[in-house]
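Here the structure is laid out as structure tokens; the discussion comes afterwards.
The values are calculated or read from the model by the stated rules, or taken from the named source; none is laboratory data. Please read all numbers here as calculations on a predicted model, not as lab measurements. Glycine also receives a Cβ, built like all others from the backbone with ideal geometry; neighbour counts cover every protein chain displayed.
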Amino acid sequence: MRSILNSPYFLITLIWLIAVLNFCGLYLGWYWSVRNFDSFHHFLGGVWIAGLSFYFFRKKPQFFDTGRSRTATLVFILGLAALAGIFWEFFEFGVDQILINRELAPVAQATLRDTLADLFFDLLGGLVFVILYRKPVR
């Protein structure tokens, strides 16, 4: 499993999957018609951020040694996933302000519950990646 998660091809494939799903979600209306589509999308985003972080830290170990402390690694990677999720929520808010005022699109951030669910699934995706990546190889 770790060899797949270590692969840059995994990260490239995942970001393309996220982009294609986002396109489908926007243009085919899946964000509004498919139950939990947005949550799944945020989960994948959390997985991608965590994967990208591990990839970067493996290539530049002077920034952060992921092998030194499991707890510190977990907290740091989840912090990066949360930060990415927060920035994405700010982006959605900005898009809403521009498009909704011009009546060009439905609301992306309908409620506080939606925003908190998005952040939860960003963190959950990051956590799942960390657990799968750090699972001991037998």
Study note, to complete from the structure: Taking region 47-93 and keeping only residues that are basic (Lys, Arg) and within 25 Å of Thr13 (Cβ to Cβ), one is left with Arg58, Lys59, Lys60
Exercise for review: Return a yes/no flag: does region 116-136 have any residue that is outside any helix (DSSP H, G or I) and either modelled with pLDDT of 80 or more or exposed (fewer than 12 other Cβ atoms within 10 Å of the Cβ) (or both).
Suggested key: yes
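What are the residues in region 31-56 that are among the hydroxyl-bearing types (Ser, Thr, Tyr) and in contact (Cβ under 8 Å) with a residue 60 or more places away in the chain, if any?
Going residue by residue through region 31-56, those that are among the hydroxyl-bearing types (Ser, Thr, Tyr) are 31, 33, 39, 53, 55.
Correct list: Tyr31, Ser39.
Within region 46-100, can you find the residues that are polar (S, T, N, Q) and surrounded by 16 or more Cβ atoms within 10 Å (Cβ to Cβ)?
Initial filter on region 46-100 (polar (S, T, N, Q)): 53, 62, 66, 69, 71, 73, 97.
Across region 46-100, the qualifying residues are Ser53, Thr66, Thr73.
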Check your understanding: Where in region 1-73 are there helices (runs of 4 or more DSSP H), lying wholly inside it, with at least 3 residues that are over 20 Å from Thr115 (Cα atoms)?
Key -> 2-6, 8-27, 37-59
Practice item. Please name all residue pairs, on different chains or six or more residues apart, with Cβ atoms under 9 Å, provided the first residue is in region 1-29 and is surrounded by fewer than 13 Cβ atoms within 10 Å (Cβ to Cβ) and the second residue is among the charged types (D, E, K, R) and at pLDDT 95 or above. Key: none
